Amino acid sequence: MEETYLLNVEGVRKKILHGGQGELPKFQDGSKITFHFQTLKDDFERTVIDDSREAGIPMEIIVGKMFKLEIWETLLSSMRAGEVAEFWCDTIHTGMYALVSRGMRRIAEGRDPLEGQKHRCGMGNMFDYHSTGYADLDELQRTPQPLIFIMELFRVEEPSAYKRDTWAMSKEEKLAAVPVLHSEGNRLVLRKEFAQAAAKYQEAVICLRNLQAKEKPWEDGWLKLESLVTPLVLNYCQCQLELGEYYEVLEHTTELLQKHNDNAKAYFKRAKAHAAVWNEREAREDFLRVAHLDPSMAAAVKKELKQLGERMRKKHVEDRKRYQGLFQTPRG
């Protein structure tokens, strides 16, 4: 089934590839739309740029929440449940796609979509950094062009019919959700469910980072939110230590210490991560910094340094045994 329609929107053409069922859903403010999408270039090869099926998780947007690619809400609002449709959109509707795709890719990679952005609008950040971090999106940013979106609509849920994700909440709702997520993370830690606890802490951090993006860095509002972020990041890092994700800990503690270079707990967790990956010098430096910043942790530091010394001596002995015969002249 392929029927072509002209929506009442300039620069958009729709082709139904598979018909949907029932009546057109009610798309009201706060409704959650769940769908899969594929983005293609309008070239001979129909080059695929993004495909939500590769991540294995359908896309979700909330009606009326100012999704950065506004045309998507218009396209989806023309569809029925179960429908698969192809939309051709002119350049006037696709100029922001590179920035939107960057955010979606970072979310799929488990990263904060706002990480590294300055307190500016989306396009302002693009000009600041001159790169999205993805070569194909950089090319798309330099040469805006028409795009093809193939969408499959799964369902449309009314605002009262689903648990709202934190990113779809208002500022007040996000602030109320953070202590709940923090508490849930702590409960999961007590049950030694560290991966699930880390996910709760991470969700709370991303929620706060989204709020911080609307504040001026280092001013009162930003600092109040930062004071909530710091313990959540430390809890997240503790979970990652338990899970053996030491380089993840090094990344997040280092980022935290760039802003708060007097945080003894961050140095302590980074030192443990350094020790776990055999960075002896860095581990010793961080442990000694902990003892200097917080004398109450001196006993814990002494214990960790002793364990580090024992582990390094054992490793040196094993290394000598492993390599002692490499440079000996064979007999006979």
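What are the GluC sites (Glu not before Pro) within the range 197-290 that DSSP puts in a loop, where the Cβ has at most 11 other Cβ atoms within 10 Å?
Of the GluC sites (Glu not before Pro), the ones in loops of the range 197-290 whose Cβ has at most 11 other Cβ atoms within 10 Å are E219.
Which aspartates and glutamates have a Cα lying under 17 Å from the Cα of K200, excluding residues fewer than 8 positions away in the same chain?
E109, D112, D165, E173, E184, E242, E245, E248
Between D138 and E10, how high is the FRET efficiency from 1/(1 + (r/R0)^6) when r is the Cβ-Cβ distance and R₀ = 30 Å? Nearest 0.05.
0.60
Leaving out ligands and nucleic acids, note down the accessible area per residue over the range 154-275 with a 1.4 angstrom probe, in whole Å².
On a per-residue basis, the range 154-275 sits at 53 Å².
Just want to confirm a number: the relative contact order over the chain, from Cα pairs under 8 angstrom separated by 6+ residues, in percent.
Computed over the chain, the figure is 14 percent.
If the reach is capped at under 17 angstrom between alpha carbons, list the lysines near K259, excluding any in the same chain fewer than eight residues apart.
Within the straight-line limit of under 17 Å, K259 reaches these lysines: K118, K216, K224, K269.
Report, to the nearest 10°, how far helix 97-108 tilts away from the longest principal axis of the Cα atoms in the chain, using its own Cα long axis and a range of 0 to 90°.
50 degrees
Would you mind putting 140-148, 292-300 in packing order, based on average other-beta-carbon counts within 10 Å, highest first?
Order by mean packing, descending: 140-148, 292-300.
How much accessible surface area, in Å² rounded to 10, belongs to the heavy atoms of W222 with a 1.4 Å probe?
Its heavy atoms expose roughly 30 Å² to the probe.
Taking the chain as the region of interest, what is the percent of Cα-Cα pairs per 10 angstrom bin, listed from the shortest bin to the one with the maximum distance?
For the chain, the pair-distance distribution reads 5, 19, 25, 21, 14, 9, 5, 1, 0, 0.
Sorted by accessible area (1.4 Å probe), largest first, how do R320, R102 line up?
R320, R102
With +1 on each Lys and Arg Cβ and -1 on each Asp and Glu Cβ, how big is the dipole of the range 171-323 about its Cα centre, in debye rounded to the nearest 20?
760 debye
Using a 1.4 angstrom probe on heavy atoms only, work out the carbon and sulfur share of the accessible area of the range 171-323 in %.
C and S atoms contribute 52 percent here.
If you fit an axis through the alpha-carbon atoms of helix 264-276 and take the longest principal axis of the Cα set of the chain, what angle between them do you get, 0 to 90°, nearest 10?
Orientation of helix 264-276: about 80 degrees from the principal axis.
At most 10 other Cβ atoms within 10 Å and a DSSP loop assignment: could you name the GluC sites (Glu not before Pro) in the range 30-77 that fit?
E45
Let's test the formula: R0 of 35 Å, r as the Cβ-Cβ distance of V277 and D220. What FRET efficiency results, to the nearest 0.05?
0.35
For the range 11-91, build the charge dipole from Cβ charges (+1 Lys, Arg; -1 Asp, Glu) around the Cα centre, then report which of S77, G11, T39 sits farthest towards its positive end.
S77
Report the label-to-label distance for S227 and T47 in nanometres (one decimal), using points 7 Å from each Cα along the Cα→Cβ vector.
With each label point 7 Å from Cα toward Cβ, the separation is 5.0 nm.
The values are calculated or read from the model by the stated rules, or taken from the named source; none is laboratory data. Remember, it's a predicted structure, so these values are computed and weren't measured experimentally. Positions of Cβ are backbone-derived with ideal geometry, glycine not excepted, and every protein chain shown enters the neighbour counts. Only protein heavy atoms, including side chains, enter the accessible area calculation; ligands, DNA and RNA are left aside. Shrake-Rupley method; radii C 1.70, N 1.55, O 1.52, S 1.80 Å.
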